[in-house]
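Let me begin by presenting the structure, written as structure tokens, before commenting on it.
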Amino acid sequence: MDSASTNPPFHKAFKTLMEKTQREREGFDETELVEIEECELPVIDLSPLFEENDDEVAREECKSEIARASKEWGVFHVVKHGISSEVLNGLRIEQEKVFKLPFDVKKNNNDFNFFAGSYRWGSPTATNIKQFSWSEAFHIPLADIMGSTTSTTTGPNNTLTYRIEQFAWDAYNLAQTLADILAEKIGEQNSKFFRENCLPTTCYLRMNRYPPFPMASPSQVHGLIPHTDSCFLTILLLQDQVRGLQLVKDGKWIAVKPNPHALTINIGDLFQAWSNGVYKSVEHRVVTNPEFERFSTAYFFCPFNETVIENCSKQPSVYRRFSYQEYRQQVRDDVQKFGTKIGLPNFLLHNTWCRTSVKENI
């Protein structure tokens, strides 16, 4: 199928924002996108957590590695994670099929009875080129899929629904395991917190496609703008070896070297707040590629909207208490007002942060 009929109207949106940016003399600083260096993330073998043996030493060392990477990096790779290649490859194949549908079909949710409103592209609230994402996605509330009859009925989306549900169950179990370990490692005694507040139906899945960026230099625009994730954990399935994921480490951007055998685990905002800053919600972005499209799938481990996020440690609180619903609403408000997410700085207990300074630098 002709990519022109498949892709959203990126060029038109990009041109409009570029002209607006130039009129306002908000020059795009390409140094922000310069790739400083490429690095390999910590790689953690999770097999000691799942093997039926009495090697308690290996299990404890594995748990310690998970906690250490979450404190020092906020992101890490896991291998031997318990999710089969059949499940991962099955989802990849079906995901690529749905993105190859005509843009009008995706936009209008034709034949997607549970995807209504889930398709998005670019950045509708962007006020300048730095806030524009050269990507398209399906952002799917798993409450619409998990345990529903949709996955067993016939229809164009039947196989995709089945593959999403397969992956989502496995990702949920992995996320629960990791969350329990991270809670244990900071001395949290409420071992039921995540199992009571994060259910398969409270989580989300986002399927991403990053088309090639064919204009000038790919450093002129993001595939996905810099952000942190508004959840406890993200499990990221990088479905190809096209580079693009970058993150902040020690105050500078670094490029993540893909690992074909691993899943990527991100710590999200809720875990940073809940752990009182012990675990780090990592800022990350995706840069575009001039020649190749890129696919990924992100599983977001989220609680009920009513869940209260508060300091679980005995140390003085860094953030005030807030509900997940309040957090999500604040993010939406900031995106509408500023064109970008602000996040946890809004919830600092002693907030000396100034929104106007952020607005001037967006």
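The values are calculated or read from the model by the stated rules, or taken from the named source; none is laboratory data. Owing to the predicted nature of the structure, the values given are computational and were not obtained by experimental measurement. When we count neighbours, we look across all protein chains shown, and the Cβ atoms used for this are built from the backbone with ideal geometry, even at glycine.
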Discussion item. Closer than 17 Å to GLY343 by Cβ, without any contact (Cβ under 8 Å) to a residue 40 or more places away in the chain, surrounded by fewer than 20 Cβ atoms within 10 Å (Cβ to Cβ) and of a type in the set (A, V, I, L, M, F, W, C): which single residue out of VAL308, VAL248 fits that description?
Written reply: VAL248
Worksheet, complete the sentence: Filtering segment 201-238 down to residues that are in contact with a helix residue (DSSP H, G or I) (Cβ under 9 Å, 6 or more places away or on another chain), among the aromatic types (Phe, Trp, Tyr) and at pLDDT below 95 yields PHE213
Fill in: Scope segment 43-72; condition surrounded by 14 or more Cβ atoms within 10 Å (Cβ to Cβ), out of contact with any Asp or Glu (no Cβ under 9 Å at 6 or more places or on another chain) and outside any helix (DSSP H, G or I); matching residues
VAL43, LEU46
Worksheet entry | Qualifying residues in segment 114-132 (those that are among the small types (Gly, Ala, Ser) and modelled with pLDDT of 80 or more) - the one nearest to HIS227 (Cα to Cα) | SER123
Worksheet, complete the sentence: Among the residues of segment 73-100, the number that are out of contact with any helix residue (DSSP H, G or I) (no Cβ under 7 Å at 6 or more places or on another chain) and either assigned to a strand (DSSP E or B) or modelled with pLDDT under 90 (or both) is 4
Discussion item. Cβ-Cβ distance below 6 Å, separation of 6 or more or different chains: which pairs start in segment 165-186 with a residue that is more than 15 Å from VAL87 (Cβ to Cβ) and in contact (Cβ under 8 Å) with a residue 12 or more places away in the chain and end on one that is of a type in the set (Val, Ile, Thr) and in a helix (DSSP H, G or I)?
Written reply: ILE181/ILE66
Worksheet entry | Breaking point among (1) surrounded by 16 or more Cβ atoms within 10 Å (Cβ to Cβ); (2) touching a residue at least 24 places away in the same chain (Cβ under 8 Å), for GLN330 | (2)
Worksheet entry | When residues of segment 273-288 are limited to those that are of a type in the set (S, T, N, Q) and more than 15 Å from ILE181 (Cα to Cα), the one nearest to the chain's Cα centre (by Cα) | SER281
Fill in: PRO345 being under 30 Å from VAL256 (Cα atoms) and in contact with a helix residue (DSSP H, G or I) (Cβ under 6 Å, 6 or more places away or on another chain)
no
Discussion item. Residue pairs, Cβ under 8 Å, 6 or more apart or interchain, first in segment 70-86 and touching a residue at least 60 places away in the same chain (Cβ under 8 Å), second among the hydroxyl-bearing types (Ser, Thr, Tyr) and assigned to a helix (DSSP H, G or I). List them.
Written reply: PHE76/SER70
